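Nothing in this text is a laboratory measurement; each read-out follows from the coordinates by a stated rule. Predicted model only: the values in this text are computed from it and were never measured. All Cβ positions, even for glycine, are placed from backbone atoms using ideal geometry, and neighbour counts span all protein chains on display.
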């Protein structure tokens, strides 16, 4: 009888968690992925080391080994997110580098919205900008001016191709600000505003809004004396 009870007791024990052997680089990546997922689902309060360790299947001390503390993990997540966002936004401009047609601005608007459409990224950046005064961690400190510079160069190149004066750089910066603010706002609170404006059940509304905004800004951003029908 005692042997049977012993075997039954053994049978009720949970199976040990299988540990996966990973390289240090791979371990950092999966930890950051898990942290980003919890951030997207629960907000900054969801970044708890014990929970992330359980998600990944490692120990709490293992996370401390790679990041030293929760703050270290958050900083690493901010750094990765900032780099990824910069690559996405500059990639949008690179894709339009040789384009000189009137559809350029609608494409840029749509691709910028797509680059900022990840709610996890948007939530992390909004939280970071509201709580972190460190300019070195601010993704807008360099990327916005770089995007404005490239965008303005493209507008000047187009103006040259149709024998029109160059636009003002400040106007280009305002265009960049309008698109960035609109795209970032949609990623953070877009669902709420679409609902409030009566588009709650309209899954196609975001696409139509982006198209409308792109066409409006496209018409505005063309050189003042340029008429497309005259080309």
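What does the extension gain come out to for residue 48 and residue 65, with contour length at 0.36 nm per residue minus their alpha carbon separation?
In short, 4.6 nm is gained.
If I model a spin label at residue 226 and residue 166 as a point 7 Å from the Cα along the Cα→Cβ vector, what separation in nanometres do I get?
For the pair residue 226/residue 166, the computed spacing is 1.5 nm.
Report D for segment 23-84 in µm² per second (integer): Stokes-Einstein, Kirkwood Rh on Cα pairs, 10 °C, 1.306 mPa s.
Stokes-Einstein gives a translational diffusion coefficient of 140 µm²/s.
When the chain is fully extended, how far beyond the present Cα-Cα distance does residue 23 get from residue 178, taking 0.36 nm per residue of separation?
Taking 0.36 nm per residue and subtracting the Cα distance, the gain is 51.5 nm.
What full-extension length gain, to one decimal in nm, is calculated for residue 153 and residue 202 as 0.36 nm per residue of separation minus the Cα-Cα distance?
Taking 0.36 nm per residue and subtracting the Cα distance, the gain is 13.9 nm.
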